[in-house]
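**Student:** Let me give you the structure first, and then I'll get to my questions.
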Amino acid sequence: VRTFNKVKVDIVSCFEVLEHIPEVEDFVAHLASLGKWVYLSTPDGPYGNGEGNLKSREWDNKQSRGHIRVFTQDTIKQLLKGYEIGQLFTDAGGLLCCTYRRK
C-alpha cells in the first residue's frame, strides 16, 4: 500500500472489483481510509444461474474462480454496517452502486 503524504482524496472509485476479493471487510476498510467517500459498483446478484459465476472457469489458460461472492443491496448494507452509506441503488445495467464513508 502506497501512502501519499497521508492526504485523503475526495473520492475513491472501485468498479467491479469487490466480488473478486477474499478479505472483503479489510478491503472496504482500506478503501475508506484512502478517501473522504468511496464509490463502488458490483454486479447485483444473484444473477444468471442464481449464484453469479462462482464456478471455476478457464481464462487465459489458467483456472479462475471468477466472482468469489455475490452481493445484493442487503449484503452490501450488512458489509458496510458501521459506515455511513450515502447512496445505494441498482442501475439500469444491473450494477449495484454504492457510496460510503467512515462515520
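**Student:** Being at pLDDT 95 or above and either at positive phi or touching a Pro at 6+ places or on another chain (Cβ under 7 Å) (or both) narrows it down to one of GLY66, GLY94, GLY82, GLY50, so name that one.
**Tutor:** GLY82
**Student:** Could you list, in sequence order, all residues of region 80-103 that are open to solvent by 40 Å² or more (accessible area, probe 1.4 Å) and not in a strand (DSSP E or B)?
**Tutor:** Matches in region 80-103: LYS81, GLY82, ASP91, ALA92, GLY93, LYS103.
**Student:** Right, here's the next one. Run ALA29 past the list (1) of a type outside the set (Asp, Glu); (2) without any contact (Cβ under 8 Å) to a residue 24 or more places away in the chain; (3) assigned to a strand (DSSP E or B) and report the number of the one that doesn't hold.
**Tutor:** Exception for ALA29: condition (3).
**Student:** How many residues, within region 21-36, are open to solvent by less than 70 Å² (accessible area, probe 1.4 Å) and touching a strand residue (DSSP E or B) at 6+ places or on another chain (Cβ under 7 Å)?
**Tutor:** So the answer is 4.
The values are calculated or read from the model by the stated rules, or taken from the named source; none is laboratory data. From a predicted model like this one, the values you see are computed outputs, not experimental measurements. All Cβ positions, even for glycine, are placed from backbone atoms using ideal geometry, and neighbour counts span all protein chains on display. The area values use the complete protein model at the heavy-atom level, side chains included, leaving out ligands, DNA and RNA. Shrake-Rupley method; radii C 1.70, N 1.55, O 1.52, S 1.80 Å.
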